[in-house]
Amino acid sequence: MRPDLESLLQAFDAFQEAPRGSETHVLKEAYEAELEETAARMKLNKDLLNELVMRYHPRWVRANLPPGFPKDLGLK
């Protein structure tokens, strides 16, 4: 996976997994900044890239599970 997309997924994951509070705002801003930077670099629409990240995130989480976890975790 491309490093810029990996870092975007990591930023989104940190935002999603953070407990609600003051840190959430900071993590959301960090994700938004990373999203804008990546969208500009890849010449993509920011909203489209955000939609792709949200769609791909569960798959990325399952792919990064430690050995022993079921790979169908979280699938419907």
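Taking the simple approach of a point 7 Å from Cα along Cα-to-Cβ for both residue 48 and residue 20, what is their distance in nm?
Using points 7 Å along Cα→Cβ, the separation is 3.3 nm.
Within 12 Å, Cβ to Cβ, of residue 54, how many net charges do the neighbouring residues add up to if Lys/Arg are +1 and Asp/Glu are -1?
Working: positive: 55, 59; negative: 13, 47, 51.
Once positives and negatives cancel, what remains is -1.
Over the chain, what is the relative contact order in whole percent, taking alpha-carbon pairs under 8 Å and six or more residues apart?
Working: 38 pairs, mean separation 20.2, N = 76.
Result for the chain is 27 percent.
What ranking do 41-50, 26-35, 6-15 get when scored by the average of other Cβ atoms within 10 Å per residue, highest first? Can you show the working numbers first?
Numbers: 41-50: 12.2, 26-35: 15.5, 6-15: 17.7.
Order by mean packing, descending: 6-15, 26-35, 41-50.
What are the ³J(HN,Hα) couplings of region 54-66, residue after residue, when phi is run through the Karplus curve with 6.51, -1.76, 1.60 and θ = phi - 60°? Round to Hz, x for glycine and proline.
Karplus values, whole Hz, x for Gly and Pro: 5, 6, 7, 3, x, 5, 5, 4, 4, 5, 9, 5, x.
Which one of 10, 44, 58 is farthest out on the positive end of the charge dipole of the chain, using unit charges on Cβ (Lys, Arg +1; Asp, Glu -1) and the Cα centre as origin?
58
How large is the helix-only mean residue ellipticity at 222 nm for the chain, computed as the sum of -39500 (n - 2.57) over DSSP H runs with n ≥ 4, divided by its residue count, in deg cm²/dmol to the nearest 500? Could the numbers behind the result be given before it?
On the way: 3 runs with 54 residues, N = 76.
Computed mean residue ellipticity for the chain: -24000 deg cm²/dmol.
What are the semi-axes of the equivalent ellipsoid for region 3-63, taken as the square roots of 5 times the Cα gyration tensor eigenvalues, largest first, in whole Å? Present the calculation step by step, with values, prior to reporting the outcome.
Numbers: eigenvalues 69, 43, 16 Å².
Each semi-axis is the square root of five times an eigenvalue, giving 19, 15, 9 Å.
Please list 3J(HN,Hα) in residue order for region 39-49, calculated via the Karplus relation 6.51 cos²θ - 1.76 cosθ + 1.60 where θ = phi - 60°; whole Hz, with x for glycine and proline.
4, 5, 5, 8, 6, 10, 5, 4, 5, 5, 5
Once you place label points 7 Å from the Cα toward the Cβ at residue 1 and residue 30, how far apart are they in nm?
1.7 nm
Taking θ as phi - 60°, what are the ³J(HN,Hα) couplings along region 17-22 by the Karplus curve (6.51, -1.76, 1.60), each to the nearest whole Hz, with x for Gly and Pro?
Each residue's phi maps through the Karplus curve to give 8, 6, x, 5, x, 5 Hz.
Throughout, read-outs are computed from the coordinates displayed, never taken from laboratory work. The model shown is predicted, which means the values in this text are computed figures rather than measured ones. Glycine gets a Cβ as well: all are built from the backbone with ideal geometry, and neighbour counts include every protein chain shown.
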